[in-house]
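Asker: Supplied in structure tokens, the structure appears directly below.
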Amino acid sequence: MLMTVFWTLVHAATAQAHGGVSMEDDQCIMKIGPLRAHFTGYQPEKRATQEFCEDIPETGRAIIVIDYVSPTLRNQTVEFRVLKDSRNLQARGRYEDLGGPQDIEAATLVHVPAQVYPRGTLNFEHRFDQPGWYIGMIEVTDPATGQVLHSVFPFRVGMRSLWRYAPVFLILLGAAALAYWLTGRKKLTTERLG
């Protein structure tokens, strides 16, 4: 019973994700309607070659790389923005919550103009000087039909979350409880025999 509760808590603590980016088969997948792209970030000066998926661990320069998983994206016009979370949406941010085009433009920190990426990779870098919440926004337009798809994913920069340590804490707590239970049973058996 204790182990079932323990694994449920570990799974719940590690399953939290923000917006349109999620972990699927150890890859950071961005969902853009029915289309998919792989999202990776780096902070070479501070984290060498370590990749991150959602949150940027520290303030400073970050390199963002978006690789298309869906081949259809190579023929689409793609525009990317990073917005300051000026409406305090945090992890709940959705496209509908961002306001109109003027609001989006006013909150924009990074704007990668709309274009076609036939090789399937979009990348840029930005220096995040302030810790806090930001919102990534990708807009995909099909030039043949004019259909527009959006994906929005809130992320944090330079903010440590104690939830990331919850699985370790729970494992240690479970190991301590198991050790206590085993040593208590051993003591009880020794007392009965003695």
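Asker: Taking the Cα centre of each part, how many Å lie between the range 80-104 and the range 29-48?
Answerer: If you average the Cα positions of each part, the centres end up 19 Å apart.
Asker: Still on this structure, I have one more. Taking a 1.4 Å probe, which of 94, 47 shows the most accessible area, and what order do the others take after it?
Answerer: Descending order: 94, 47.
Asker: Tell me the relative contact order for the range 57-167 as a rounded percent, counting alpha carbon contacts under 8 Å between residues six or more apart.
Answerer: Relative contact order for the range 57-167 comes out at 40 percent.
Asker: Can you list residues whose amide H is under 5 Å from residue 110's amide H, if they're 5+ apart or on another chain and H is modeled 1.01 Å from N?
Answerer: 82
The values are calculated or read from the model by the stated rules, or taken from the named source; none is laboratory data. Keep in mind that what you see is a predicted model, and the values were worked out from it rather than measured. For accessibility, only protein heavy atoms count, side chains too; no ligands or nucleic acids. Shrake-Rupley method; radii C 1.70, N 1.55, O 1.52, S 1.80 Å.
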